[in-house]
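The values are calculated or read from the model by the stated rules, or taken from the named source; none is laboratory data. All figures in this text were calculated on a predicted structure; none of them were measured in a lab. FYI the Cβ positions are ideal-geometry reconstructions off the backbone, even for glycines, and counts take in every protein chain you see. Each accessible area value is taken on the protein alone, full model and side chains, heavy atoms only, with ligands, DNA and RNA left out. Shrake-Rupley method; radii C 1.70, N 1.55, O 1.52, S 1.80 Å.
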Amino acid sequence: GVGVPGGVGGGTAYAPAALFYVAVPDVDAALRKAESMGGKYVMGPAARPDGKLVVGQFLDIEGNLVGVAGPK
C-alpha cells in the first residue's frame, strides 16, 4: 500500500512522546491552517534529502505534537 514512511528516533535526551504524521496534499497549507485554528508552528516544511517527501510539525490547541507529510 501507499503510506507515510515511519521510524523510531529520540533517545535519552528527549522527553517521552508519541508523534504521528497525517498525510496531506500540501504541507505548507496544512501548517498555515493549523495556525489559523489556534495551533502553534513547530517546524517545516522540510524536504527529505531525496526530495520525495515533505514534513512539518505543529502543536495542537491541547499541546499535542502533530506531524503532517506530503509530496514535494
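Picking from residues in the range 37-53 that are in contact with a helix residue (DSSP H, G or I) (Cβ under 7 Å, 6 or more places away or on another chain) and modelled with pLDDT of 95 or more, the one that is most open to solvent (accessible area, probe 1.4 Å) is TYR41.
Would you mention how many residues in the range 9-44 are in a strand (DSSP E or B) and of a type in the set (A, V, I, L, M)? Let's see the steps before the verdict.
Initially, the range 9-44 is screened for residues in a strand (DSSP E or B), giving 20-23, 40-44.
Retained after the next criterion (residues that are of a type in the set (A, V, I, L, M)): 22-23, 42-43.
Adding up the residues that qualify gives 4.
Residues of the range 12-31 being touching a residue at least 24 places away in the same chain (Cβ under 8 Å), open to solvent by less than 70 Å² (accessible area, probe 1.4 Å) and either closer than 18 Å to GLU62 by Cα or among the aliphatic types (A, V, I, L, M) (or both), which ones? Those that are touching a residue at least 24 places away in the same chain (Cβ under 8 Å), open to solvent by less than 70 Å² (accessible area, probe 1.4 Å) and either closer than 18 Å to GLU62 by Cα or among the aliphatic types (A, V, I, L, M) (or both): VAL22, VAL24, VAL27, ALA30, LEU31. Being free of Cβ contacts under 8 Å to residues at least 12 places away in the same chain and open to solvent by less than 50 Å² (accessible area, probe 1.4 Å) is a property that does not hold for ALA34. Report every pair of residues separated by at least 6 positions or lying on different chains whose Cβ atoms are under 7 Å apart, first residue within the range 53-64 and more than 11 Å from ALA23 (Cα to Cα), second open to solvent by less than 30 Å² (accessible area, probe 1.4 Å) and part of a loop (DSSP other than H, G, I, E, B). What qualifies is PHE58/GLY39; LEU59/GLY39; ASP60/GLY39; ILE61/GLY39.
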